[in-house]
Amino acid sequence: MKTIGIIGGISWVSSVDYYRFINEMINQRLGDVNAGRIILYSVNYGDIKTLTFAGDWKGIAAMICDAAQKLETAGADCILIGANTMHKIAGEVQASVNIPVIHIAVETAAAIRAQALKKVGLLGTKYTMEQDFFPSKLSAQNIETIIPGDDDRQFIHDAIYEEMGKGLFLPATKQRFINIIEQLALQGAEGVVFGCTEIPLLIQPEESPLPVFNTTLIHATAAVQFALAATV
């Protein structure tokens, strides 16, 4: 079994799911009391948030690259950046190490393609929704991305940073998200990407008006496939 390196803490509430998903899936595959070989480097989300709001992506890249290098030195065979937004600097992280960085948007695009969907809604921070680093991976698989309107994008962004990142999952916020997904469905979305690792903690798949692509679970699944590729 290969060792999975996770850059977590972005935020810690979703890092818990990464750890749980990976261990559950490996146990399902191997049985008995088997679990994953995992190295977790957890950054301070407060530092990340400050740099993000300041637009200091160079500073963020330096911090995340340092974490990736430490994971590699510690013996990780692959790296997961445990947040969608931080994949804005995934290229810099990959260039800083000699082991693969498993890209959350690439894996999500493959999962959507496997369901033969052509148009999906994307929810996440404004960086994830408005910039190209995530939608470009979908378009490379001929998948069209729809994002919410201005007011809804701001609401989602604020909820991620001011509520969910603090472990707050409020009923009123959930209902607003569901309403937003309904609007995306009216625009022709065939599914919805939960492009923030905290959103799956707010809304269960059965509560969504559209089929859900849980990027945390998709990312963790890809890591398990990598880790077990040579053993099962």
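A residue that is assigned by TED's automatic domain parsing to the domain that holds D151, in contact (Cβ under 8 Å) with a residue 24 or more places away in the chain, more than 23 Å from E144 (Cα to Cα) and of a type in the set (F, W, Y) occurs nowhere in the stretch 194-209. M1 falls short of the stated requirement of being assigned to a helix (DSSP H, G or I), modelled with pLDDT of 95 or more and either small (G, A, S) or over 15 Å from the mean Cα position of the chain (by Cα) (or both).
Please tell me if T221 is within 25 Å of C78 (Cβ to Cβ) and in contact with a Ser or Thr (Cβ under 8 Å, 6 or more places away or on another chain). Considered against the rule, which asks whether it is within 25 Å of C78 (Cβ to Cβ) and in contact with a Ser or Thr (Cβ under 8 Å, 6 or more places away or on another chain), T221 comes out as no. Residues considered: L168, L123. Of these, the only one that is in contact (Cβ under 8 Å) with a residue 40 or more places away in the chain and of a type outside the set (D, E, K, R) is L123. Among the candidates G75, G31, which residue alone is of a type outside the set (S, T, N, Q) and in contact (Cβ under 8 Å) with a residue 60 or more places away in the chain? Going through G75, G31 in turn, the sole match is G75. Would you check if A220 is in contact with a strand residue (DSSP E or B) (Cβ under 8 Å, 6 or more places away or on another chain) and farther than 15 Å from L117 by Cβ? When the stated conditions are applied, A220 passes them. Taking the conditions exactly as written (in contact with an Asp or Glu (Cβ under 8 Å, 6 or more places away or on another chain) and β-branched (V, I, T)), does V13 satisfy them or not? Considered against the rule, which asks whether it is in contact with an Asp or Glu (Cβ under 8 Å, 6 or more places away or on another chain) and β-branched (V, I, T), V13 comes out as yes.
Of all residues being buried (at least 23 other Cβ atoms within 10 Å of the Cβ) and not acidic (D, E) in the stretch 190-207, which is farthest from V13 (Cα to Cα)? Just the residue, please. Per the criteria, the residue is V192. Just checking, does the stretch 208-220 include any residue being touching a Phe, Trp or Tyr at 6+ places or on another chain (Cβ under 8 Å), surrounded by fewer than 19 Cβ atoms within 10 Å (Cβ to Cβ) and modelled with pLDDT of 95 or more? The answer is no, given that none of the residues of the stretch 208-220 is touching a Phe, Trp or Tyr at 6+ places or on another chain (Cβ under 8 Å), surrounded by fewer than 19 Cβ atoms within 10 Å (Cβ to Cβ) and modelled with pLDDT of 95 or more.
Once the stretch 60-94 is narrowed to residues that are buried (at least 19 other Cβ atoms within 10 Å of the Cβ) and among the polar types (S, T, N, Q), the residue that is farthest from T216 (Cα to Cα) is T85.
The values are calculated or read from the model by the stated rules, or taken from the named source; none is laboratory data. Predicted model only: the values in this text are computed from it and were never measured. Here the Cβ is made from the backbone with ideal geometry for all residues, glycine too, and neighbour counts use every protein chain on show.
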